[in-house]
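Asks: This is the structure I have questions about; it appears just below.
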Amino acid sequence: MDTKQIEYIIKIADEGSITRAAEKLFITQSALSQQLQKLEKELGATLFVRNKSDWILTPEGKVYVDNAREMLRIKQRTYTMIADMANTHRGYLSVGMTPGRGSDMFTYVYPKFHDLYPEFTVEPRELSVRNQQEAIRKGELDIGFVTITEQQKTGDEYLDLFDEEIFLALPEGYPVPEQYLTSGALYPELPLSMFRYEPFVMMYKESTIRKTVDQIFHDAGYSPTVLFETSNNTTILSMVSAKLACALVPYHYVKKHPAGIKFFSLTTHPSWKVCVCYQKGSYLSKAAKDFIRLVDQYWEHGK
């Protein structure tokens, strides 16, 4: 089934520019323009308002692109279902994962998946949660592994893998009152209210964890002094280790036991969800289910 023309028009709509679309498709702008003009002549309608800065879909163009995306979804679902029925063990799987934790997960999962599906092509894509959600919505990503709260889920499908606790990270040697250290627990409990006057290093405001962290502080009754904002959890850990600030971090980073940091449970034991996301109404292939199963094993192994 040749859907190349459909893919061309969708790419123009996604990029908002025929020039950028041609670059992404590795064809000349004139060739892409000819394909568009041919289609518009066939339909008897203009699909884009041509501006110098960007191209905007006309009402007719929006109808075309919305249905074109559905046609591509039907094609992919059909091919995947037939491949499963024929048990070919051949195909393609695009997998989204978040920066920081995604590489560790993929390093564990891919060799095992390759043993099961040696002729399968896997395309790993390291994307923020929001970019994964957008790619899932557009049908550009088969499955995405994300860390979010219930309120941050979109209208697509989500399978909860587990709840991940968020911990307090303190510089090693921080003077924690002895009364909190007598339990013998691996991660003794501390009330966050104790650290009202300490500086914190935080993930940037656009990150999905920031809303969770802000709520944790709200529940503790104060807004923290923010020394530094970053998009990287490694930066957070390095600043805590350097005794510059405290932080709240997910368990994934706690279990690595980075040097120079002591971790504590909060008395409220806040958490968020580790999920796999895929497009609503899409067919989840046997290969995708096996990939998810292996990821689940990875998280269980690391707990």
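Asks: Here are some conditions: (1) modelled with pLDDT under 95; (2) closer than 26 Å to Lys153 by Cα. His218 meets all but one. Which one does it not meet?
Replies: Every listed condition holds for His218 apart from (1).
Asks: Before we move on, is Glu164 surrounded by 14 or more Cβ atoms within 10 Å (Cβ to Cβ) and within 19 Å of Pro99 (Cβ to Cβ)?
Replies: Answer is yes for this residue.
Per-residue answers, yes or no, for (1) out of contact with any Pro (no Cβ under 7 Å at 6 or more places or on another chain); (2) modelled with pLDDT under 95; (3) not basic (Lys, Arg):
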| site | (1), (2), (3) |
| --- | --- |
| Gln179 | yes, yes, yes |
| Phe195 | yes, no, yes |
| Phe200 | no, no, yes |
| Ser207 | yes, yes, yes |
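Asks: Please determine whether any residue of the stretch 86-95 is exposed (fewer than 15 other Cβ atoms within 10 Å of the Cβ) and either at pLDDT 90 or above or assigned to a helix (DSSP H, G or I) (or both).
Replies: Looking through the stretch 86-95, at least one residue is exposed (fewer than 15 other Cβ atoms within 10 Å of the Cβ) and either at pLDDT 90 or above or assigned to a helix (DSSP H, G or I) (or both).
Asks: Further, regarding this structure: Return the residues of the stretch 34-48 that are in a helix (DSSP H, G or I) and surrounded by 15 or more Cβ atoms within 10 Å (Cβ to Cβ); say none if nothing qualifies. Spell out the reasoning first.
Replies: First, the residues of the stretch 34-48 that are in a helix (DSSP H, G or I): 34-43.
If the condition is that a residue be in a helix (DSSP H, G or I) and surrounded by 15 or more Cβ atoms within 10 Å (Cβ to Cβ), then Gln35, Leu36, Leu39, Glu40 are the ones that fit.
Asks: Same structure, new question: Being under 25 Å from Arg196 (Cα atoms) and not aromatic (Phe, Trp, Tyr) narrows it down to one of Val274, Val240, so name that one.
Replies: Just a single option satisfies the conditions, and that option is Val240.
Asks: Here's another thing I want to ask about it. For Ala135, only one of the following conditions fails: (1) farther than 19 Å from Tyr251 by Cβ; (2) out of contact with any Gly (no Cβ under 9 Å at 6 or more places or on another chain); (3) hydrophobic (A, V, I, L, M, F, W, C). What is its number?
Replies: The failed condition is (2).
Asks: So, one more: State all residues of the stretch 221-247 that are in contact with a Ser or Thr (Cβ under 8 Å, 6 or more places away or on another chain) and within 23 Å of Gln152 (Cβ to Cβ); if no residue qualifies, say none.
Replies: Passing the criteria: Ser231, Ile236.
Asks: Just for the stretch 49-82: of the residues that are surrounded by 11 or more Cβ atoms within 10 Å (Cβ to Cβ) and assigned to a loop (DSSP other than H, G, I, E, B), which one is modelled with the lowest pLDDT?
Replies: Among residues in the stretch 49-82 that are surrounded by 11 or more Cβ atoms within 10 Å (Cβ to Cβ) and assigned to a loop (DSSP other than H, G, I, E, B), the one modelled with the lowest pLDDT is Asp54.
Asks: Shifting gears a bit: Of all residues being over 26 Å from Asp296 (Cα atoms) and aromatic (Phe, Trp, Tyr) in the stretch 201-259, which is nearest to the chain's Cα centre (by Cα)? Just the residue, please.
Replies: By that ranking, first place goes to Tyr204.
Asks: For the stretch 195-235, give me each residue that is in contact with a Phe, Trp or Tyr (Cβ under 9 Å, 6 or more places away or on another chain), surrounded by 13 or more Cβ atoms within 10 Å (Cβ to Cβ) and either free of Cβ contacts under 8 Å to residues at least 12 places away in the same chain or not assigned by TED's automatic domain parsing to the domain that holds Pro258 (or both).
Replies: Result: Arg210, single match.
Asks: Here's a follow-up. Which of the residues belonging to the stretch 237-265 are more than 19 Å from Gly100 (Cα to Cα) and of a type outside the set (Phe, Trp, Tyr)?
Replies: Within the stretch 237-265, Ala242, Lys243, Leu244, Ala245, Cys246, Gly260, Lys262, Ser265 meet the criteria.
The values are calculated or read from the model by the stated rules, or taken from the named source; none is laboratory data. Since the structure is predicted, the reported quantities are computational estimates derived from the model, not experimental observations. For neighbour counting, all protein chains shown are included, and Cβ atoms are generated from backbone atoms with ideal geometry for every residue, glycine included.
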